[in-house]
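The values are calculated or read from the model by the stated rules, or taken from the named source; none is laboratory data. Remember, it's a predicted structure, so these values are computed and weren't measured experimentally. Here the Cβ is made from the backbone with ideal geometry for all residues, glycine too, and neighbour counts use every protein chain on show. Ligands, DNA and RNA are excluded from the accessible area calculation, which covers all protein heavy atoms including side chains. Shrake-Rupley method; radii C 1.70, N 1.55, O 1.52, S 1.80 Å.
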Amino acid sequence: MTVMHPDTLPDDDTLLAYTLGELSPLHRSVIDAHLVLRPDTAGKVETLAAPGGTWLRQQPTRAPAPDLFAKITAQLPDADPYVDLPLPAALRSALPRRSSPPRFGRLPGSRVDTTVLARDGADSLVLVTLPPDTRLPNHRHLGLEALTVLTSGYEDHLGETWTGDYRTYPPGSAHDPVNIGDEAGWILAYLQAGVRFTGWRGVVISIVEKLRARKRAVAQVG
């Protein structure tokens, strides 16, 4: 689906913050994925960056340290940790660097799989896979959620959201999106402070998350 709707695109303030490097790295990953899928938005970013690029080209240049490239490449993983995901290579390259493939977990009582790709304090970057005709259990956002649909599409109270679309949900909002496409839906979401699932799932997931947090804290101490 290629129909463009203003409410499924990053607004000008978000794109300017992206251009200026003011977005968090986790939020930037969501915008990066959107730009891969929406070249027209990428062109807008280039327009916003043009004045800064002109200024940088006018500045005196200095050769980098001879070992700079070697130091950078030494910190990169040897293989693509996302190679097994059914996503285009360009999209996989927009995901954050990591040393091992992501491990997916099934949400209790559902067919929805999720994995946390990266964390920054209470914020997280989450990859969700939603089979066709499957609904993500109802949940409330404890902070901002910004997402890009990587494949397929879903529908919620805001309407339809398709491949390449970017959506935001304010703190306190809730939804239970359902995949309305013919293929598995992949969604990359930036969550500030996470979400809280309602009903019995909320209780179970809360317990699991507390156990995982305790395990991470013990590992960090060790």
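For region 188-207, name all the residues that are in a strand (DSSP E or B) and open to solvent by less than 60 Å² (accessible area, probe 1.4 Å).
Listed by number, the residues that qualify are 188, 189, 190, 191, 195, 197.
For region 93-133, what are the residues that are closer than 22 Å to residue 144 by Cβ and in a helix (DSSP H, G or I)?
94, the sole residue that qualifies.
Would you mind telling me which numbered condition in (1) modelled with pLDDT of 80 or more; (2) of a type in the set (Gly, Ala, Ser); (3) open to solvent by 50 Å² or more (accessible area, probe 1.4 Å) residue 33 fails?
(3)
Considering each of 90, 79 in turn, give the residue that is open to solvent by 20 Å² or more (accessible area, probe 1.4 Å), assigned to a loop (DSSP other than H, G, I, E, B), without any contact (Cβ under 8 Å) to a residue 60 or more places away in the chain and of a type in the set (A, V, I, L, M, F, W, C).
79
Just to verify a result, which residue in region 95-122, among those that are under 19 Å from residue 174 (Cβ atoms) and touching a helix residue (DSSP H, G or I) at 6+ places or on another chain (Cβ under 9 Å), is surrounded by the fewest Cβ atoms within 10 Å (Cβ to Cβ)?
109
Taking region 123-139 as the search range and keeping residues that are among the hydroxyl-bearing types (Ser, Thr, Tyr) and over 15 Å from residue 85 (Cβ atoms), which one is surrounded by the fewest Cβ atoms within 10 Å (Cβ to Cβ)?
Going through the qualifying residues, I end up with 134.
Determine, yes or no, whether residue 221 is open to solvent by 60 Å² or more (accessible area, probe 1.4 Å), free of Cβ contacts under 8 Å to residues at least 40 places away in the same chain and among the β-branched types (Val, Ile, Thr).
Taking the combined requirement at face value, the residue satisfies it.
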